[in-house]
Amino acid sequence: MPSPNDGSGDRPAPPVPLEAAAVLAGAAPAAPPAAGAAAEQAQQTSIVDAAEAAVSATETQSGAQAALPAVLADVPVAVLVIDQAAGTVVYANTAATELAGNVRLPVPIDAWGAAVGLTDLTGSPLASTASPLSYVSSGRPLTGEAVRLSPGPSNTAGDSSADARERLLWVTGFPLSRDSSEQRLALVVFLHVEEGDSVDDPEAQLRALRDRAVVATDIAFTITDPRQADDPLVWVNPSFTRITGWSYEESVGRNCRFLQGSATDHATVDMIRKALQEQQPVSTTLLNYRKDGTAFWNQLSITPVFDGDGQLVSFVGVQTDVTERVRGEDARSAAFAAERTARKEAEQARAEAEQARAEAEQARAEAVTAQDRLALMAEATSTLSATLDMAELFDRLASLCVPLLADWVFLTMVDDHGTVRETATRHRDGRAAELRELALLHAMALPEGSPSRRSLTTAEPVLVEQVTEKWLHRVFPTAVTADLFRRLGGTSVLTVPLVARRRTLGAMALVTGRGRSFGPEDLELARDLSRRAAMAMDNVRLYQQEHAVAETLQRSLLPDLPTIPGISAAAHYLSASTAADVGGDFYDLLSLPDGAVAVAVGDVVGHDLAAAAAMGHLRGLLRACMWDAADPDPGAVLGRLDRLVQGLQVAQMATIVYVRAVRPAAPGQPWRLELGNAGHPPMLLRDPDGSIRQLDGVTGLLVGVDATHHRDSVVEEVPAGTTLIAYTDGLIEQPGMDLDQGIAALAARLRAAPVDATPADLCRHAVGPTPDRRDDVAVIAVRFD
């Protein structure tokens, strides 16, 4: 009988499945052709991690034997791990140890083969160059070779059982380590096969052995990754597909519970789940279901895999279809009745599913359409209402229309007399130059027959399902505009008016130019969008009207600072109102009849036009009290103001700080500052050297709380060159900060200004580059020269 090795050094590669050996090594099969490179890399990474978790531990503890038993120890085939560099066997699982007996590892590969009693099919000992172990150790994969096991004394001592007799083995192997791995390992698997009747033809005998090896390796192997959500499958071998009917692509990425069905025993499933949670191996038999709905009994063994640090990286599963065996057991008869019931239920469910599938497809299409429409309307509402600038709103509306609703859009806005005063356009291919020219020549003087003009006149939509040459010449009477339309492309046109609060604000013209025609559904969607857009436009219009009113009111309420000898002053105002650029904060600077200078800052409760109006009344009363004061003391002035406010019901409440600055009696002497405060934040003083300090020592109730409240005042003398900074609380109230922290932050900004900073410079430093606009801000800086 000739040897399978013909002496050339090349071994034959019969078509024997290697899935069993591949999964024990953690090797990943080639990704399916349809899978992308990224998916292939992600799947193979999880598989290789499982193998290297075991291999990496061989560099510590006691070599390969310290890490691989968790995966390989109890599999029903003999497995060796070979160190390619040393040519030694470094690991043998339980089945391999039973073959070799008490052989101490590591051991040279030829010594291990001799201890086992490996020969070729004729019974001749294997030479080193012909040994399948040496072949795999050289780094080459071995698809399969038959060898004979003739047990020697070392592995048969005291054993008279059938296991001690001569046996036939099928050997497969391949490199285990990656090319970049420092430790070069290979894996060898021995499968026991029955020899059968003796035949005279060695080649026929070899083919028969290969066929039996195929049967011996027809075991399903799986790998899952517990580090991912729901512990999904990351690899299955072809035997898994043959048993279950689920392909590699359909299985990977899913938890293997999809094999369960209505008759699967819940107690067995709970037992498996508990073992996985406790990271323990588990073996059992349970009823599973193939892809076609037929049931089969699955003998399952699951083993956890840990890396060198003891961290769980994967579960390796070995599955075998034992349906025929179970059917022969009387104890399983009830379960098979459940299997038949499940099959009938599956067939009935399949028929019902076919009927429901058609209905679901139609419902799905309708749901997708409705969902897209709702998404567009929600985006339109949020996008269009987020701006108060008309030009930006028009641009956002055009972006919503193209390319989702049309290939290009033409928006026109008209005044109260119907005259076009603004346009906005967008084309899916750009075409900005052609759109600008068409707007100039056509849109600014729409002819009576144009769809946009008809929508503006009738406040009704106009649908042109198919553009014709006759229609084109009627709507675009000049050759230039007609040619522009042709270049932009248009086969169907839909215009809708932009109407809000019974006012026609403009029209929206949608054009498609790729052979598609607008229909009734497009018309309804366009009308819905136009209503939302028109409401947003009208809100902008109303805001701009109120904004103009507010600007006029602001100019009357916030005075220009007067020029006062010996005084340099500047002021700054920011409003938090979203309705208009005015609010309840104010400042004032006034030269009094006795030569003193009055500086005041106040804050009326509120941030709208009503607060601004109250502020105007309050400021007028304060000016009168400061100008014509029987007692010029700031405390007395604020007390009189409080009585007037409550008596005349000018404002609900307000805070005010008032300083009466008395000029020096002679050159070189200090200024005398008399201070009164009605619940307002303290003023700040910036000394000539740039240092900052608070001007406090007095406070009191807000104006409008108690007209009988007695108000005190304090006096502070300051040298020439000192700057007084007064402000409202919007400048110091910041998220996450109390008032003291806000005042400290304001003082730091003022301190950072140059020593020779002007009052205007100090106002800019006080407000900062990015002011918080959630509250009104008023600040005034007065330098005493």
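The values are calculated or read from the model by the stated rules, or taken from the named source; none is laboratory data. Quantities reported herein were computed from a predicted structural model and do not represent experimental measurements. Please note: Cβ atoms are built from the backbone with ideal geometry, for glycine as well, and neighbour counts cover all protein chains shown. We work out accessible area using only protein heavy atoms, side chains counted, and drop any ligands, DNA or RNA first. Shrake-Rupley method; radii C 1.70, N 1.55, O 1.52, S 1.80 Å.
See the values below:
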item	result
Accessible surface of the range 362-479, 1.4 Å probe, proportion on carbon and sulfur as whole %	54 percent
Length released on extending from Arg663 to Glu437, taking residue separation times 0.36 nm less the Cα-Cα span	74.6 nm
Accessible area (Å², 1.4 Å probe, nearest 10) - Phe221	10 Å²
Residues of the range 243-385: accessible area per residue with a 1.4 Å probe, Å²	57 Å²
Other-chain or far-sequence residues with amide H under 5 Å of Thr285's (modelled H)	Leu300
Square roots of 5 times each gyration tensor eigenvalue, C-alpha, the range 224-356, largest first, Å	28, 18, 13
Length added when fully stretched, Ala85-Arg242, from 0.36 nm per residue minus Cα-Cα	52.7 nm
Separation of the Ala744 and Arg527 label points, Cα + 7 Å toward Cβ, nm	6.3 nm
Projected label distance in nm at Asp483 and Glu166, using a 7 Å step from Cα toward the beta-carbon	10.0 nm
Probe 1.4 Å, accessible area per residue of the range 416-500, Å²	51 Å²
Rounded to whole Hz, the Karplus (6.51, -1.76, 1.60) HN-Hα couplings of the range 653-666, x for glycine and proline	8, 7, 10, 9, 10, 9, 10, 10, 9, 9, 5, x, 5, 8
Accessible carbon and sulfur surface of the range 679-785 relative to its total accessible area, %, 1.4 Å	54 percent
Integer Hz, Karplus 6.51/-1.76/1.60 couplings in order for the range 699-713, x for Gly and Pro	8, x, 5, 5, 5, x, 9, 9, 5, 8, 5, 7, 10, 9, 9
In nm, spacing of pseudo-spin labels at Ser399 and Ala267 (7 Å Cα→C-beta vector)	6.4 nm
In Å², nearest 10: area of Trp246 left accessible to a 1.4 Å probe	40 Å²
Distant-in-sequence amide H partners of Gly697 (H built 1.01 Å from N, under 5 Å)	none
Heavy-atom accessible surface of the range 212-327: percent carbon and sulfur, 1.4 Å	50 percent
Straight-distance crosslink candidates among lysines, where the alpha carbon sits under 25 Å from Lys291 and sequence neighbours closer than 8 are dropped	Lys344
Local net charge near Gly449, Cβ-Cβ under 13 Å (Lys/Arg +1, Asp/Glu -1)	+3
Per-pair calculated FRET efficiency, R0 = 41 Å: Gln545 and His473 via Cβ, rounded to 0.05	0.50
Full-extension gain in nm, Met444 to Ala720, via 0.36 nm per residue minus C-alpha separation	93.0 nm
Amide H within-cut-off set for Gln84, under 5 Å, with H built and near neighbours excluded	Arg184, Leu185, Ala186
